[in-house]
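This report refers to the structure that appears directly beneath it.
The numbers here are math on the coordinates, done by the rules we state, and not lab data. Computed from a predicted model, the values in this text were never measured in an experiment.
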Ligand code: GLP
């Protein structure tokens, strides 16, 4: 596991964007695994700015997102599909049909999970997976206790995760109770993983991660089992290390 210490949020975002841009330049047909949340917003702003200023093209890139809330469709302002379209895809030249997010409205959620796994394989696997980290150490929506062997599945969100994400919704009651998420095994199949962490509220999770204990109680600790992980964290996120 490689650690890059960033000065602050802007520096972390620039360094992560640089890695993605290099990946796309090296392999124009790259499959990018993408995440949502506040942490990665700066990266998406950097990618959009670079596309405008330097013309980096995403015409042949394919993307797969980590997760989606059950019950929220593309038109819902809090769905991750809506977030991705708004914050990233509309800012790039990527064809929308080459971007994939689990379908939170699927009638058969089990079938949707199987379809998503097959889709990732059919795309040839993920070249670079971008990750944030939850305060309890979750990655994607893989909450503590999720087996490392898990593939894409439906999960009941932890109360702390719903509370943390309530800031995006009108009220806590509006936060869905369930989500579809790539599993830990799905994430570990990516060829390269870049995890970002910013701010004091992530410091405890990062400190536990760097203790080095590998346990489903800290989902992010599964990354110790992967050969190519880069963590880019700012000073505040590293304050307990
Ligand atoms: C959410 C997402 C995760 C994200 C995490 C951190 O629950 N499902 O993919 O990494 O929370 O979010 P934030 O970056 O907003 O702190």
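At a glance:
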| item | result |
| --- | --- |
| Normalised contact order of the chain, rounded percent, pairs of Cα under 8 Å and 6 or more residues apart | 26 percent |
| The chain: most fluctuating residue of 103, 67, 174 per GNM, C-alpha cutoff 10 Å | 174 |
| Alpha carbon centroid spacing (whole Å) that separates the stretch 216-241 from the stretch 91-156 | 19 Å |
| Percent of beta bridges antiparallel (DSSP, the chain, rounded to nearest 5) | 25 percent |
| Mean separation of Cα contacts under 8 Å, 6 or more apart, over the residue count of the stretch 41-145: relative contact order % | 26 percent |
| For the chain, built as a Gaussian network whose Cα springs stay under 10 Å, the top-fluctuating residue of 22, 217, 156 | 22 |
| Residue among 181, 63, 29 with the largest mean-square fluctuation in a Gaussian network model of the chain, springs linking Cα atoms under 10 Å | 29 |
| Compactness of the stretch 2-233, expressed as Rg and Dmax over alpha-carbon positions, Å | 16.3, 45 |
| Antiparallel DSSP beta bridges within the stretch 129-241, percent to nearest 5 | 40 percent |
| The stretch 104-241 - convex hull of the alpha-carbon atoms, volume per residue in Å³ | 109 Å³ |
